[in-house]
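As structure tokens, the structure follows; a few thoughts come after it.
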Amino acid sequence: MKTDVVIIGGGPSGLLLSQLLNRAGVATVVLERSSREHVLSRIRAGILEWGTVELLREAGVGARMDAEGIPHDGTYLTDAELMVHIDFKALTGKQVMIYGQTEVTHDLYDAQDTMGTQVIHGVEDVTIHDLEASEAAVEYTLDGQRHRVACAYVAGCDGFHGVSRKTIPEAKRREFERVYPFGWLGILSRTPPVHDELIYANSPHGFALASMRNENLVRYYVQVPLSDKVEDWSDERFWTEFKRRIPSEAAAKLITGPSIEKSIAPLRSFVSEPLRWGRLFLVGDAAHIVPPTGAKGLNLAVSDVYYLHEALIEAVKQGKESGIDGYSERALTRIWKAMRFSWQMTTMLHRFEGEDSFAEEMRRATLLHLSDSETARKDLAENYVGLPF
């Protein structure tokens, strides 16, 4: 088999890259370890930056998002009873869109099926070869048979545990990491949202987030120790803890119900440089992980896709390599800015084990500054709705 670009990973970043490349006449083959059903069962992010919204429209997969997504003009940050409103629309002229990553992935699969793209599921033992030769290749096993795809370029969209980053020689990689000493326990529940906008709550009992997927499906989180297990948290315990961490005004409106999904996600900040090795390019979680506090995970992967799809189209269609030569530096500039914002939000809103009273006062002072300063609110809003690609 031969193609222009082999994309390893059939999640949203790999599918979006494939969609954009195919629309420009660049052929792709997408390789995914899991079944399509498993990919579509993953519960992930639900907040899209406006640049992400516009790129999905450009890719021809925005119709259902525009029909079913919920534009949000702002969000709330709270400290006990203090509620600070960050008005995105007034401060930046932009919004964010509430539309689940699962729905984005579903739309992309439908579009790729219509286009006739080869998306091969159930692949095992993927290996990447000849990255410094005139033509690269990717090998994989499917149903006990070994296959080889020759290609001009390889896009590694296969996540933190995938093969792509590990293919870059360890001596050539620089990795930066911060692991946070807590996780987020999240639930899905078919209940109305406690508020019409998201609430990021700091409280004496720890962090909580009131998010949503639609008008009758909520995604709520509480900060928990890494030692906790999902089995430790009954629905009743979760609702009790969540209610005491959000402001009383919101707690009075809280409608509870049975959870339909419950999981704990650890928090880390991680970057691997460079994002290019010969004919291989890293995209999304294969290269970087951010805490979910700033809603940057999927959106940061989309900005990688934006830079890379332009560069690959130019390289394949015009033979110009300036774009692919500059991809790593260009993407990393935005990645590190998003890292800073996510780290800042995480530090501002979470309680750290063993911290002193000074840390608590600094969180309170930060929220008070946001409450009093339009300049501070504008800085937060600009980062939250998404820096320009």
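A few notes on this one:
- Wholly within region 1-81, strands (runs of 3 or more DSSP E) carrying at least 2 residues that are open to solvent by less than 10 Å² (accessible area, probe 1.4 Å): 2-8, 28-32, 74-79
- Hits in region 82-98 (condition: open to solvent by 10 Å² or more (accessible area, probe 1.4 Å) and either part of a helix (DSSP H, G or I) or farther than 25 Å from HIS350 by Cβ (or both)): LYS89, ALA90, LEU91, THR92, GLY93, LYS94, GLN95
- LEU312 vs. criteria of a type in the set (A, V, I, L, M, F, W, C) and either free of Cβ contacts under 8 Å to residues at least 40 places away in the same chain or not in a loop (DSSP other than H, G, I, E, B) (or both): yes
- ASP87 being in contact (Cβ under 8 Å) with a residue 60 or more places away in the chain, in contact with a strand residue (DSSP E or B) (Cβ under 6 Å, 6 or more places away or on another chain) and acidic (Asp, Glu): yes
- Test: residue in region 294-316 that is closer than 27 Å to TRP50 by Cα, of a type outside the set (Asp, Glu), in contact with a strand residue (DSSP E or B) (Cβ under 6 Å, 6 or more places away or on another chain) and open to solvent by 10 Å² or more (accessible area, probe 1.4 Å): yes
- The condition (being acidic (Asp, Glu) and in a loop (DSSP other than H, G, I, E, B)) is satisfied by just one residue among GLU353, GLU360, GLU329: GLU353.
- Flag if HIS72 is within 22 Å of GLY9 (Cα to Cα), of a type outside the set (Asp, Glu) and within 20 Å of the chain's Cα centre (by Cα): no
- Residues satisfying the stated conditions in region 317-337, i.e. open to solvent by 10 Å² or more (accessible area, probe 1.4 Å) and in contact with a helix residue (DSSP H, G or I) (Cβ under 8 Å, 6 or more places away or on another chain): LYS320, GLU321, SER322, GLY323, GLY326, ARG330, ARG334, LYS337
- First in region 370-383 and part of a helix (DSSP H, G or I) and of a type in the set (A, V, I, L, M), second anywhere and open to solvent by less than 90 Å² (accessible area, probe 1.4 Å) and at pLDDT below 95, Cβ under 8 Å, 6 or more apart: none
- Scan of region 338-369 for residues that are closer than 22 Å to THR92 by Cα, exposed (fewer than 15 other Cβ atoms within 10 Å of the Cβ), free of Cβ contacts under 8 Å to residues at least 60 places away in the same chain and not basic (Lys, Arg), ordered by number: HIS369
- Unique residue being open to solvent by 70 Å² or more (accessible area, probe 1.4 Å) and hydrophobic (A, V, I, L, M, F, W, C) when the list is LEU226, LEU198: LEU226
The values are calculated or read from the model by the stated rules, or taken from the named source; none is laboratory data. Predicted model, so just to flag it, every value in this text is computed and none were measured. A quick note on method: Cβ atoms are made from the backbone with ideal geometry, for glycine too, and the neighbour counts reach across all protein chains shown. Side chains are part of the model used for accessible areas, which takes the heavy atoms of the whole protein and leaves out ligands, DNA and RNA. Shrake-Rupley method; radii C 1.70, N 1.55, O 1.52, S 1.80 Å.
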